[in-house]
Amino acid sequence: MKYSYTDIEQKWQAYWQQHDTFTTIEDSAKPKYYVLDMFPYPSGSGLHVGHLEGYTATDVVARYKRHKGFCVLHPMGWDAFGLPAEQYAIKTGTHPRITTEQNVQSFKQSLQRLGLTYDWSREINTTDPDYVKWTQWIFLKLYEQGLAYVAEVPVNWCVEQKTVLANEEVDEYLEKGFTVVRKPLRQWVLKITAYAERLLHDLETLDWGENIKEMQRNWIGRSEGCNITFEVQRNPLTTQANITVFTTRPDTLFGATYMVLSPEHPLVASITTDTQRAAVDAYRAESAKKSDLERAELQKEKTGVFTGGYAINPATRQPIPIWIADYVLMSYGTGAIMAVPAHDERDWEFAKKFNLPIVEVLQSPHDVQEQVFVNKDAPCVNSANADVSLNGLTFKDAFEKIVAWLEAKGVGQRKVNYKLRDWVFSRQRYWGEPIPMKYYQDAQGNYTILKPETTLPLLLPDVEKYEPSGTGESPLANIDHWLYGEDAQGKFRRETNTMPQWAGSCWYYLRFKDAKNPNAFVSPERERYWGQVDLYIGGAEHAVLHLLYARFWHKVLYDIGLVSHHEPFQKLFNQGMILGEDGEKMSKSRGNVVSVDSLLETYGADVARLYVLFLGPLEQVKPWNTKGIEGVSRFLGRVWRLVYTNLHDGKPDTDSTIGVTDEPMSAAIEKAMHKTIQKVDEDCQNLRFNTAIAAMMEFVNVLTKENCHNRTAIEHLLVMLSPFAPHIAEELWQAIGHGDSIANAPFPTFDAALTKDETVTIAVQVSGKLRGTFEATVGMQNDDLIARAKEVDSVVKFLDGKEIVKHIVVPNKLVNLVVKG
RNA sequence: GCCGAAGUGGCGGAAUUGGUAGACGCCCAGGACUUAAAAUCCUGUGUUCAGCAAUGAACGUGCGGGUUCGAUUCCCGCCUUCGGCACCA
C-alpha cells in the first residue's frame, strides 16, 4: 500500500472525532497536565506558520503527556473582540459578529486539518454572551475591590475625524495628514499599580525565560529613592508653596542647583512671576499640543522656561531657580525634579543650554563643567552643612545618611516608585465588552450617580454605523434605546465605553477548566483540579502586556478567594518567530508569506507538523526554508516502508506485504532503540523537538540500513513518533494489528543499562591536537589507555624523538600526550 | 543610549559541569535500479595546500587578546544582527 497522506489524515481525524479520543478526562487518580496556547485573534488572513509552530509544539506536548499517563487539558478558543473586525465593519457595514464567525470557522477548519488534539467541547469565544457575562462579572469584582476607577486621561485624539485612536493607529493617521493631539478624556482605569510589588516579586517563583522576566521587571520599573520637599522662596509676587520631588540620588542633594517642574504640574501657575507668565503660558500651551510621540522624538534639544520662582535647597539653604520643561513627565514620581547637572546627563544638557550653575558633589575624574560624571561609586565632595556631612561617603552610606537627616527634619521620606502606570481600561469602540456601569440621575437630573449593572451580561445593541459618535464617545452613545432606561433605582444612562481586547484574554485560561458552567466563571472544584497552567506557549510579543494584565487579574481573584494559586502560568515558553525565506518578517506586502493551507495541500499535516519543529529550536527566530521540507517527507516515507516493505522491492501493491517480523533484533539495533527512546523522551520534556526528530531519523536510518523490521522496534518507534506525526503513526499502528488508537499506548521505556556502550572510541591528542583514535573497552585503566595511545600508527610519528612531559587522561574519552621539543 | 538574546560548512541547524567541531536534514556530485524518468537505495560532501591515488598536513565555531595539556564552551576588550525599552529623575 502506498503512503497517501490525504486518505489517512481524513480517516484518522474522523476516527478521533467519532471516538472522542481527545476529550478531556478528569481522573484524580492520575496526574494532571494543563498545556495552553495563547489563543488567537481570528483574523481574515487565516493561519500562518507562526501559529503552526506554537500549536504543533503544544500538541506534541499534549500527546506526549497522554502517552505518559497524564490527564491532559489542551483547549482552544478565540480572542474575538478587536479592531480589525470593527474597521472592516466601518468600511463595509458587515456586523463584526458575522466577520468573526466566518474567520473562526476558517481557523478552526485549518486547526482540525492539522490533527491537533484540542478538546472542542471546551471551545470558548470571548464575544459569546456567556463569556462576556463573566468578563463583566470579574470587572465588577475589580470595581468592588476599589481597583477600577474613572479618571481624566489623555488619549490620542484625531482632530479631523473626531475619534480616539489606538496607539497603533496613530502613525497611519498622521501619514494621511490628520492632526493627532493628546486630549484628556473620561476613562475607566484599573489600579494595576496596587499590585506592582507583588507582580515584580512573584516573578521569582515562575519558570519563565529570564529574558521575559527581565522585560516585565523593566516594565514595572521599580526604583528606590526618596521624596524631598523644597520650600518655595517667599516672594511678594508668589504664593507660599512647597514642591516635592522624587529622586533616586538624594546623596547628590548638595549639587541640586535648580528645579524643574513638568509643564502640567499644578503648582506652575502659582509659582510663576508676572514677568515670566507670558513665556510660561506659551510654553505650556505648546507642550499641550505635542503628542507623546513628538515629545519623545524631539529629545535631541532640551527646551524649557524659567518660572521666575526660587526654591530653597534644604541642604545648602541656597535659593535655586525653578524652571519648567517637558523632559520632566507629570506621570512619573511627583512631576517635579531636583536637577543635579554635574551628575545627571539630562540635567547637565539642560544646564549647559540655559547657563545654569553646575556644582560637583561627587569626586570626578574630569571637570564637570566640560563633561557630566554619572557614577555610584565615587565619594561625595562639597556636601556638608552645619548639621550633616556626606563628604567621603559613597552612594549607599551617603544615601542612608542624608535620608535619615531629611526624615529627621521632616522634609524627606523614603519612597519606592514604579514606571508601571495604572491601566487605561476603556475604549471608545463598538466591538468590545460594554463596561457594565450605569449613571443614575441626581437631584438636578444629571446622570452622575454611578452604580454597577445588576443583570449580566450587558450585551451590545445592534447599530447602523460603527463609526465613533464624534464626541469622543463610542458608537453606543448614539443608540438611545440602549443608552437610556429606567429601573427601580431611577432613570439612568449607561456607560458607553467598552473594554479593551485584553479583557477577554485576562482570564480565558480559567474558563477552559469549566467552559460551559452557567453558574460560575469556574467551579471551585474544577479550578483546583486543573490548578496552574503547566505549560503556556506563545509568541514573545505578549511578553509584557498580556502576561502582566492576566497576572494582575489572577492575583485579584486570588485575593478574593476565587482561585487557588497566586500565579496563573507556572511555565512559560516563548516560541521564536518564523521569518520568510528571505530572512525578513513575513508580511503580505513583502510577498514572503507561507500559508499553512498550501502546506497542508502539498505535504499534508504530518509533514507540516514535523517540519515546522525540525526547522530549529522552538525558542529561536528562524527563517523558513521550503526545500528542507523534502527531508522530513522522505523520513515519513521510510517509516512507512518499514511496515509496508513491498514498495521497497518494487512488487505489486497489496496489503499482504506488511513486513513486520518477530525475529529478534540485533544487539546494535536494540542499543540504538534504547538510546533513541531516552533521547526522544528527554527532548520532549525539554521542548527540544528538532533534536528529538533527528534522533528518530537516525534510528530509522539504522533500521533501514540493516533491513530490520522487528515488531518491538517498530512499535516503539511509532509511539515515539505519534505525538509528532499522529496520522501516519495511527495508520501503521493499525496496520500491524492494533485495534485501539495509538494515542492510548504508553510511551516506551528504556533500559539504562542498554543505552551504555561496551566499547568507546578514545581520542588521542599530542599536545592538544587530535592525532588519532582507537577503540577501547569501557572502564579501561588509565595506564592501559596511555600505552595503547602511544601505539596508534598516526600518533607515533608525532612522538618520535620527543619527550612526553605529561599524560592527561579523561576516562572513556581521551588521552592527551604533552610533548617537549 | 539602556536592557536582553544570538553570531558555527553553500543553507537550516547539532555538540557546552572545558575533552574527537559540523549529529540530523537540505543542496550538490557519483553510483545502483529503470527502455527512460520519477520515486527509492548506496557512496561522497568544512576550507586550503601537496599527491595519479590511498592519503597527509595546515587552517577552521563573528573579530582581537587571555587562562589551560586542551576553548564553540571560561575571562577581558570590540564588531554585527535581532528583540524590547526609550528623557522614568
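Counting only residues that are among the charged types (D, E, K, R) and assigned to a helix (DSSP H, G or I), which one in the stretch A:24-72 is surrounded by the fewest Cβ atoms within 10 Å (Cβ to Cβ)?
Keep residues of the stretch A:24-72 that are among the charged types (D, E, K, R), which gives A:26-27, A:30, A:32, A:37, A:53, A:59, A:63, A:65-66, A:68.
Right, trim to assigned to a helix (DSSP H, G or I) and you get A:53, A:59, A:63, A:65-66.
Details: A:E53: 22, A:D59: 24, A:R63: 26, A:K65: 24, A:R66: 24.
Of everything passing the filter in the stretch A:24-72, A:E53 is surrounded by the fewest Cβ atoms within 10 Å (Cβ to Cβ).
Given the structure, is A:N211 in the same structural domain as A:K302 (by TED's automatic domain parsing) and either among the polar types (S, T, N, Q) or part of a loop (DSSP other than H, G, I, E, B) (or both)?
Details: in the same structural domain as A:K302 (by TED's automatic domain parsing): no; either among the polar types (S, T, N, Q) or part of a loop (DSSP other than H, G, I, E, B) (or both): yes.
It is false that A:N211 is in the same structural domain as A:K302 (by TED's automatic domain parsing) and either among the polar types (S, T, N, Q) or part of a loop (DSSP other than H, G, I, E, B) (or both).
Answer yes or no: is there a residue in the stretch A:517-534 that is under 20 Å from A:T23 (Cβ atoms), modelled with pLDDT of 95 or more and within 18 Å of the chain's Cα centre (by Cα).
yes
Within the stretch A:9-20, identify whether any single residue is touching a residue at least 40 places away in the same chain (Cβ under 8 Å) and within 22 Å of A:A550 (Cβ to Cβ), and answer yes or no. Show your work before the answer.
First, the residues of the stretch A:9-20 that are touching a residue at least 40 places away in the same chain (Cβ under 8 Å): A:9, A:11-13, A:15-16, A:19.
Now restrict to residues that are within 22 Å of A:A550 (Cβ to Cβ): none.
No, that holds for no residue.
How many residues, within the stretch A:11-23, are out of contact with any His (no Cβ under 8 Å at 6 or more places or on another chain) and buried (at least 22 other Cβ atoms within 10 Å of the Cβ)?
Final tally of qualifying residues: 0.
For the stretch A:281-379, list the strands (runs of 3 or more DSSP E) that sit wholly inside it and hold at least 1 residues that are modelled with pLDDT of 90 or more and within 8 Å of RNA strand B (Cβ to nearest atom); which are they?
Details: elements: A:305-312, A:319-324, A:336-339.
Those strands (runs of 3 or more DSSP E) span A:336-339.
Looking only at residues that are part of a helix (DSSP H, G or I) and of a type outside the set (V, I, T) in the stretch A:88-104, which one is nearest to the chain's Cα centre (by Cα)? Break it down into steps so the answer makes sense when it comes.
Restricting attention to the stretch A:88-104, the residues satisfying the condition of being part of a helix (DSSP H, G or I) are A:88-92, A:96-104.
Pick out the ones that are also of a type outside the set (V, I, T) and you get A:88-89, A:91, A:96-97, A:101-103.
Working: A:Y88: 28, A:A89: 30, A:K91: 32, A:P96: 27, A:R97: 28, A:E101: 27, A:Q102: 28, A:N103: 24 Å.
Looking at the filtered set, the residue picked out is A:N103.
Just the residues that are among the basic types (K, R) and within 30 Å of A:S270 (Cβ to Cβ), please, taken from the stretch A:199-234. Full working, then the answer.
The first filter runs over the stretch A:199-234 and keeps only residues among the basic types (K, R), leaving A:213, A:217, A:222, A:234.
Selection gives A:R234 alone.
Check whether at least one residue in the stretch A:104-116 is of a type in the set (S, T, Y) and without any contact (Cβ under 8 Å) to a residue 60 or more places away in the chain, and report yes or no. Spell out the reasoning first.
Start the filter on the stretch A:104-116 by keeping residues that are of a type in the set (S, T, Y), which leaves A:106, A:110.
Now narrow it down to the ones that are without any contact (Cβ under 8 Å) to a residue 60 or more places away in the chain: none.
There is no residue in the stretch A:104-116 that is of a type in the set (S, T, Y) and without any contact (Cβ under 8 Å) to a residue 60 or more places away in the chain.
A:E400 passes all but one of (1) touching a helix residue (DSSP H, G or I) at 6+ places or on another chain (Cβ under 7 Å); (2) outside any loop (DSSP other than H, G, I, E, B); (3) more than 14 Å from RNA strand B (Cβ to nearest atom); which number fails?
Checking A:E400 against (1) touching a helix residue (DSSP H, G or I) at 6+ places or on another chain (Cβ under 7 Å); (2) outside any loop (DSSP other than H, G, I, E, B); (3) more than 14 Å from RNA strand B (Cβ to nearest atom), the one that fails is (1).
Going by what's in this entry, would A:G779 be described as part of a loop (DSSP other than H, G, I, E, B) and free of Cβ contacts under 8 Å to residues at least 24 places away in the same chain? Step through it out loud before you land on a result.
Details: part of a loop (DSSP other than H, G, I, E, B): yes; free of Cβ contacts under 8 Å to residues at least 24 places away in the same chain: no.
Criteria not met by A:G779.
All but one of (1) modelled with pLDDT under 90; (2) farther than 24 Å from A:I90 by Cβ hold for A:V150; which doesn't?
(1)
Given the condition without any contact (Cβ under 8 Å) to a residue 12 or more places away in the chain and over 13 Å from the mean Cα position of the chain (by Cα), answer yes or no: does some residue in the stretch A:552-560 qualify? I'd like the intermediate steps shown before the answer.
Here is the first cut: in the stretch A:552-560, the residues without any contact (Cβ under 8 Å) to a residue 12 or more places away in the chain are A:558.
With over 13 Å from the mean Cα position of the chain (by Cα) added as a condition, the list becomes A:558.
There is at least one residue in the stretch A:552-560 that is without any contact (Cβ under 8 Å) to a residue 12 or more places away in the chain and over 13 Å from the mean Cα position of the chain (by Cα).
Could you grab me the full set of residues in the stretch A:732-743 that are of a type in the set (G, A, S), touching a residue at least 24 places away in the same chain (Cβ under 8 Å) and either surrounded by fewer than 18 Cβ atoms within 10 Å (Cβ to Cβ) or not in a helix (DSSP H, G or I) (or both)?
Correct list: A:A735, A:S741.
How many of the residues in the stretch A:112-146 are of a type in the set (A, V, I, L, M, F, W, C) and under 30 Å from A:L600 (Cα atoms)? Walk me through it before giving the result.
Quick first cut of the stretch A:112-146, residues of a type in the set (A, V, I, L, M, F, W, C) only: A:114, A:116, A:120, A:124, A:132, A:134, A:137-140, A:142.
Subsequent filtering for residues that are under 30 Å from A:L600 (Cα atoms) retains A:114, A:116, A:120, A:124.
Adding up the residues that qualify gives 4.
Confirm whether A:A729 is away from RNA strand B (no atom under 14 Å from the Cβ) and modelled with pLDDT of 95 or more.
Here the answer is yes, as A:A729 does meet what is asked.
Out of A:G801, A:G779, which single residue is over 27 Å from A:K675 (Cβ atoms), exposed (fewer than 11 other Cβ atoms within 10 Å of the Cβ), away from RNA strand B (no atom under 11 Å from the Cβ) and not charged (D, E, K, R)? Steps first, answer last, please.
On the way: A:G779 fails: over 27 Å from A:K675 (Cβ atoms).
Answer to the selection: A:G801.
Could you tell me whether A:I243 is closer than 30 Å to A:Y536 by Cα and at pLDDT 90 or above? Talk me through it step by step, then tell me what you get.
On the way: closer than 30 Å to A:Y536 by Cα: no; at pLDDT 90 or above: yes.
Judged against the criteria, A:I243 is not a match.
Does A:V815 satisfy the criteria of being near RNA strand B (Cβ under 10 Å from one of its atoms), out of contact with any Asp or Glu (no Cβ under 6 Å at 6 or more places or on another chain), free of Cβ contacts under 8 Å to residues at least 40 places away in the same chain and not assigned by TED's automatic domain parsing to the domain that holds A:M673? Spell out the reasoning first.
Details: near RNA strand B (Cβ under 10 Å from one of its atoms): yes; out of contact with any Asp or Glu (no Cβ under 6 Å at 6 or more places or on another chain): yes; free of Cβ contacts under 8 Å to residues at least 40 places away in the same chain: no; not assigned by TED's automatic domain parsing to the domain that holds A:M673: yes.
It is false that A:V815 is near RNA strand B (Cβ under 10 Å from one of its atoms), out of contact with any Asp or Glu (no Cβ under 6 Å at 6 or more places or on another chain), free of Cβ contacts under 8 Å to residues at least 40 places away in the same chain and not assigned by TED's automatic domain parsing to the domain that holds A:M673.
For the condition over 27 Å from A:L535 (Cα atoms) and surrounded by fewer than 18 Cβ atoms within 10 Å (Cβ to Cβ), what is the one hit in A:T179, A:T163? Step through it out loud before you land on a result.
Working: A:T163 fails: surrounded by fewer than 18 Cβ atoms within 10 Å (Cβ to Cβ).
Sole residue among the options that is over 27 Å from A:L535 (Cα atoms) and surrounded by fewer than 18 Cβ atoms within 10 Å (Cβ to Cβ): A:T179.
Among the residues of the stretch A:73-87, which ones are within 22 Å of A:Q501 (Cβ to Cβ) and either surrounded by fewer than 19 Cβ atoms within 10 Å (Cβ to Cβ) or touching an Asp or Glu at 6+ places or on another chain (Cβ under 9 Å) (or both)?
Quick first cut of the stretch A:73-87, residues within 22 Å of A:Q501 (Cβ to Cβ) only: A:75-87.
Hits for the stretch A:73-87 are A:P75, A:M76, A:G77, A:W78, A:A80, A:F81, A:L83, A:P84, A:Q87.
Among strands (runs of 3 or more DSSP E) lying entirely in the stretch A:447-551, which contain 1 or more residues that are over 30 Å from A:A62 (Cβ atoms)? Break it down stepwise before answering.
Working: elements: A:447-452, A:484-487, A:490-494, A:535-539.
Those strands (runs of 3 or more DSSP E) span A:447-452, A:484-487, A:490-494.
Please go through the stretch A:681-701 and pick out each residue that is near RNA strand B (Cβ under 9 Å from one of its atoms) and not acidic (D, E). Talk me through it step by step, then tell me what you get.
Initial filter on the stretch A:681-701 (near RNA strand B (Cβ under 9 Å from one of its atoms)): A:683, A:688, A:690-691, A:693-698, A:700-701.
Listed by number, the residues that qualify are A:R688, A:N690, A:T691, A:I693, A:A694, A:A695, A:M696, A:M697, A:V700, A:N701.
When you go through (1) within 23 Å of A:K302 (Cα to Cα); (2) under 43 Å from the mean Cα position of the chain (by Cα) one by one for A:N355, which number turns out not to apply?
Result: A:N355 passes all but (2).
Name the residues in the stretch A:460-471 that are touching a Lys or Arg at 6+ places or on another chain (Cβ under 8 Å) and surrounded by fewer than 18 Cβ atoms within 10 Å (Cβ to Cβ), would you?
Answer for the stretch A:460-471, where residues must be touching a Lys or Arg at 6+ places or on another chain (Cβ under 8 Å) and surrounded by fewer than 18 Cβ atoms within 10 Å (Cβ to Cβ): A:G470, A:T471.
Sort out which residues of the stretch A:433-444 are at pLDDT 95 or above and outside any strand (DSSP E or B), and write them in order of number.
A:E433, A:I435, A:P436
Which of the residues that make up the stretch A:744-771 are in a loop (DSSP other than H, G, I, E, B) and within 7 Å of RNA strand B (Cβ to nearest atom)?
Residues of the stretch A:744-771 that are in a loop (DSSP other than H, G, I, E, B), as a first pass: A:745-751, A:756-758, A:767-768.
Of everything in the stretch A:744-771, those that are in a loop (DSSP other than H, G, I, E, B) and within 7 Å of RNA strand B (Cβ to nearest atom) turn out to be A:S767, A:G768.
Just one of A:G591, A:G631, A:G637, A:G583 is within 12 Å of RNA strand B (Cβ to nearest atom) and either loosely packed, with under 13 Cβ neighbours inside 10 Å or under 26 Å from the mean Cα position of the chain (by Cα) (or both); which is it?
Values: A:G591 fails: within 12 Å of RNA strand B (Cβ to nearest atom); A:G631 fails: either loosely packed, with under 13 Cβ neighbours inside 10 Å or under 26 Å from the mean Cα position of the chain (by Cα) (or both); A:G637 fails: either loosely packed, with under 13 Cβ neighbours inside 10 Å or under 26 Å from the mean Cα position of the chain (by Cα) (or both).
The match here is A:G583.
The values are calculated or read from the model by the stated rules, or taken from the named source; none is laboratory data. What you are looking at is a predicted structure, and each value in this text was computed from that prediction instead of being measured. So basically every Cβ, Gly included, is an ideal-geometry build from the backbone, and we count neighbours across all protein chains shown.
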